[in-house]
């Protein structure tokens, strides 16, 4: 039977509720949604969708790396946008993180995100052997 383990890194924001940064089950990594918090200060990145997307994806990448995965081993992301009019600008930043082996993805507009941010991103990845 596989056991679940918790992934935690100081290179990404600490959880701000009753959840963990990520869990690992076998070779699979399931991240919690990442918003544009700066890990060292837990302050929000101010600015437009590009600035917030950049920080959210940096946080996601740090968690993946702490788990032994990478953006290249992500198989699925779910992206939550406050405004679907930001879709093109978000994609410009997203494409810089997923350059060679883009994962499957869902991208939806939501009414509200934690701390009223513009974007949140979560992922499912695997640890390559």
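FYI, it's all coordinate maths here, none of it is from the lab. Just so we're clear, the structure is a prediction, and the values are computed from it rather than from any experiment. We place every Cβ from the backbone using ideal geometry, glycine too, and count neighbours over all the protein chains shown.
Numbers for the structure displayed
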| quantity | calculated |
| --- | --- |
| Unit Cα scatterers, Debye sum, segment 1-62: log10 I(q)/I(0) for q = 0.23, 0.24, 0.25 Å⁻¹ | -0.91, -0.97, -1.02 |
| Neighbour-count ranking [beta-carbon atoms within 10 angstrom, fewest first] of 93, 110 | 110, 93 |
| Prolate/oblate/rounded call for segment 71-113, Cα gyration tensor, a/c under 1.5 rounded | oblate |
| Stretch gain in nm, segment residue 51-residue 72, where the contour uses 0.36 nm per residue and the Cα spacing is subtracted | 5.4 nm |
| Alpha-carbon Rg/Rh ratio, for the chain, with Rh computed the Kirkwood way | 0.95 |
| Distance between segment 12-41 and segment 42-79 - C-alpha centres, whole angstrom | 10 Å |
| Contact order normalised by residue count of the chain, Cα under 8 Å, 6+ apart, percent | 31 percent |
| Nearest-ten-degree value, helix 49-66 long axis tilted from longest Cα axis of the chain | 10 degrees |
| Rounded to 5, percent antiparallel among DSSP beta bridges of segment 1-127 | 75 percent |
